[in-house]
Amino acid sequence: MKMIRSKLIMVKEKDIEYEKLSSPYSVYEFLKEKLELHKEPEEVVMLLSLDNKKNLVSCCEVSRGTTDKAILSPRDVYKRALVSNAMFIILAHNHPTGNATPSNQDKFITRAIKEAGEILDLKLLDHIVVGEKNYYSFYEENPELVEKEESTGFYNQYIEKKKDDLERSM
């Protein structure tokens, strides 16, 4: 009998410069300006992986679908998250119609991703739906479907730091 010895590696495609992600809007801006997600003609699901200090360490495409749907499973998401050594994730996808309102399927898969992450001890901080001129953040609009406490800590750490920096500069 034979078996294959293998290893799983990430292949770096390119470096992307970005500002700290400090709010759902800053994540939307990153997705729009750096990844141009709003210009994709099909639904594209992206995974943002963050380390234990909630710094962005990788960004990868998880699924590419049609004009109105993309097939997505928790397995596909977490396979990439584990390879990138993530502790936290932000999921994002576009709506080619330009309307960022989430579908019932978007809500269903967000819950499934969160629940699968709980088993793996990986936290879903947010799921951003990108429209042409707007976005929908599950953290802001539907927080029970994400890890609200962790997300609040993630987003607020930068708000608090900005307040401290502002006070020191006065």
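Full-extension gain between Ile119 and Gln105, please, as 0.36 nm times their residue separation minus the C-alpha to C-alpha distance.
2.9 nm
Assuming a ≥ b ≥ c are the square roots of the Cα gyration tensor eigenvalues, decide whether the range 1-103 counts as rounded (a/c under 1.5), prolate (otherwise, with a/b larger than b/c) or oblate.
The shape class here is oblate.
Once label points are set 7 Å from the Cα along Cα→Cβ at both Glu141 and Lys14, what is their separation, rounded to one decimal in nm?
3.0 nm
For Thr152 and Glu29 in the same chain, what is the full-extension length gain: residue separation times 0.36 nm, less their Cα-Cα distance, in nm?
Stretched fully, the Thr152-Glu29 segment lengthens by 42.4 nm.
What is the antiparallel percent of DSSP beta bridges lying wholly in the range 24-169, to the nearest 5?
Bridges in the range 24-169 are about 70 percent antiparallel.
For a quick check: sort Phe108, Phe138 by the number of other beta carbons within 10 angstrom, fewest at the front.
Phe108, Phe138
From the Cα gyration tensor of the range 43-166, with a ≥ b ≥ c the square roots of its eigenvalues, which class applies: rounded if a/c is under 1.5, or else prolate if a/b is larger than b/c, or else oblate?
Because a/c hits 1.5 or more and a/b fails to exceed b/c, the range 43-166 counts as oblate.
With a 10 Å Cβ neighbour count serving as the proxy for reagent exposure, in which order, fewest first, do Arg75, Arg5, Arg64 appear?
Arg5, Arg75, Arg64
Quick one: order Lys12, Lys79 by neighbouring beta-carbon count within 10 Å, fewest to most.
Placing the least packed residue first, the sequence is Lys12, Lys79.
Values in this text are rule-based calculations from the coordinates and carry no lab data. Keep in mind it's a predicted model, so treat the numbers as computed, not measured. Using ideal geometry, Cβ is built from the backbone for each residue, glycine included, and neighbour counts are taken over all protein chains shown.
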